[in-house]
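**Student:** One structure, pasted below without further comment.
The values are calculated or read from the model by the stated rules, or taken from the named source; none is laboratory data. Only a predicted model underlies this, so the values are computations on that prediction, with no experimental measurement involved. Here the Cβ positions follow ideal geometry from the backbone for every residue, glycine too, while neighbour counts run over all protein chains shown. For the accessible areas, the whole protein counts, side chains as well, though only heavy atoms, and no ligand, DNA or RNA atoms are used. Shrake-Rupley method; radii C 1.70, N 1.55, O 1.52, S 1.80 Å.
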Amino acid sequence: MTHEKAGTPAFAAHFGPTGRPRARGLGLPLSGATGPNNAITDVSGVTVGLTTLIHDDGPKPVRTGVTAILPRTPDKLLNPIWGGAFSMNGNGEMTGIHWLKEAGWFTGPITITNSLSVGIAHHATARYMAETFPDKVGEDIWVLPIAAETYDGYLNDIAGFHVREEHVRAAIDSASDGPVAEGSVGGGTGMIAYEFKGGTGTSSRLVAHRDGTFTVGALVQANHGLRPWLTVCGKPVGKDMPDNCVFSRERGSIIVILATDAPLMPSQLDRLARRAAIGIGRGGTPSGNNSGDIFVAFSTANDPGQLPEPPRLRIDALSNDDLDPFYLAAVEAVEEAVLNAMVAAEPMTGKHGHHVSALDHGALKRAFGL
């Protein structure tokens, strides 16, 4: 068990903003060196905002929200961001990735919410960009925001369409650097992972390179997997935790956002995005038929300036021969981000009295002799 105290450099890597332990705070044998926040916000310039909607005012409980990831500061969100994408299993939605695959870049915030609110997330983000850049957007510049989703209808009144434009804007406007709240927050509020309460999770890795040290950060919305599949740090622990299962078959999804400050070409970022599949696979999922497992990777390097594109685009990139440590960093960060989502989450009761238990910290520690 670790003994970091609040205010020490390692505290945020091991404990959440409320002091609740994260996966490392439980003493799990996770590999790799993290950034100071052990979060996607360790990539300089990347910020995260969350809107969480939990209330019982209407006929059915509301357990949902929005997560916003800003790859650049607001004044630079019309500057193309080089990226790549990969769909491991396409039973889900992520807007904007057709152009990302075509051109190698996107603009604006990335939002993640529930399956029936992806439209309003896209709409609100487009309006945010139009209002932020009124002389560009809608004149000679268009925007195709990235908005993604997973299904929270087991706990949330998803058909009530409770996410509104102001909730999306609040997530974007509240985005900040530093530690990121995890578990049942933001778009992850009503999500379930391996039949435990899941949701929002994040992690990061430092990568030593001959040109210096770079960072790879991951943020996940974890809503996937069956209990018997759950594997933690190589140990199949789920089969020994059979109580309070909720599904007879896999019916969830996971969205993964990877960020790095390393200068990478779009083709290299495509390759980095694919490694998220190995990260979620380490947790035990085979990426089931009903799962929307969709990933984006982007780099904050090589800012070409505000649109329209200049006559020539120049990209400085690392050698392909040097990418293996970045692949490993992505795999490790995604694996840990999923664990952090589950470790942070608390039990939740929602629609129709459905109850989802939380991953038992004590049982998990005992599985590792801690």
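**Student:** Can you tell which of CYS245, CYS233 is among the hydrophobic types (A, V, I, L, M, F, W, C), touching a residue at least 60 places away in the same chain (Cβ under 8 Å) and open to solvent by 30 Å² or more (accessible area, probe 1.4 Å)? Don't jump to the end; show me each part of the working.
**Tutor:** On the way: CYS245 fails: touching a residue at least 60 places away in the same chain (Cβ under 8 Å).
When all the criteria are applied, what remains is CYS233.
**Student:** I want to confirm something. Restricting to the range 69-121 and keeping residues that are of a type in the set (A, V, I, L, M) and assigned to a loop (DSSP other than H, G, I, E, B), which single residue is farthest from the chain's Cα centre (by Cα)? Break it down into steps so the answer makes sense when it comes.
**Tutor:** Filtering the range 69-121 for residues of a type in the set (A, V, I, L, M) gives 69-70, 77-78, 81, 85, 88, 94, 97, 100, 103, 110, 112, 116, 118, 120-121.
From what's left, assigned to a loop (DSSP other than H, G, I, E, B): 77-78.
Numbers: LEU77: 19, LEU78: 22 Å.
Among residues in the range 69-121 that are of a type in the set (A, V, I, L, M) and assigned to a loop (DSSP other than H, G, I, E, B), the one farthest from the chain's Cα centre (by Cα) is LEU78.
**Student:** Quick one: ALA159 ticks every box in (1) of a type in the set (A, V, I, L, M); (2) in contact with a Ser or Thr (Cβ under 6 Å, 6 or more places away or on another chain); (3) under 19 Å from VAL62 (Cα atoms); (4) open to solvent by 10 Å² or more (accessible area, probe 1.4 Å) bar one, so which box is it?
**Tutor:** (2)
**Student:** Please name all residue pairs, on different chains or six or more residues apart, with Cβ atoms under 6 Å, provided the first residue is in the range 127-153 and is within 19 Å of ARG169 (Cα to Cα) and the second residue is open to solvent by 10 Å² or more (accessible area, probe 1.4 Å) and among the aromatic types (Phe, Trp, Tyr).
**Tutor:** Here the result reads LEU144/TRP99, each pair linking the range 127-153 to a residue that is open to solvent by 10 Å² or more (accessible area, probe 1.4 Å) and among the aromatic types (Phe, Trp, Tyr).
**Student:** Can you tell me which residues in the range 105-131 are surrounded by fewer than 24 Cβ atoms within 10 Å (Cβ to Cβ) and among the small types (Gly, Ala, Ser)?
**Tutor:** The answer is SER115, GLY119, ALA126, ALA130.
**Student:** Something else: Specify which of the listed residues (SER299, SER319) is open to solvent by less than 50 Å² (accessible area, probe 1.4 Å), of a type in the set (S, T, N, Q) and either modelled with pLDDT under 95 or out of contact with any strand residue (DSSP E or B) (no Cβ under 6 Å at 6 or more places or on another chain) (or both).
**Tutor:** Residue meeting the stated conditions: SER319.
**Student:** Sticking with this one: Among the candidates VAL180, VAL143, single out the residue that is closer than 25 Å to ARG22 by Cβ, aliphatic (A, V, I, L, M) and buried (at least 21 other Cβ atoms within 10 Å of the Cβ).
**Tutor:** Checking each option against the conditions leaves just VAL180.
**Student:** Take the residues in the range 248-291 that are of a type in the set (S, T, N, Q) and in a helix (DSSP H, G or I); name whichever of them is least open to solvent (accessible area, probe 1.4 Å).
**Tutor:** So the residue we want is GLN268.
**Student:** Here's something else I'd like to know. With the structure loaded, tell me whether ALA175 is out of contact with any helix residue (DSSP H, G or I) (no Cβ under 8 Å at 6 or more places or on another chain) and within 23 Å of LEU53 (Cβ to Cβ) or whether it fails that test.
**Tutor:** yes
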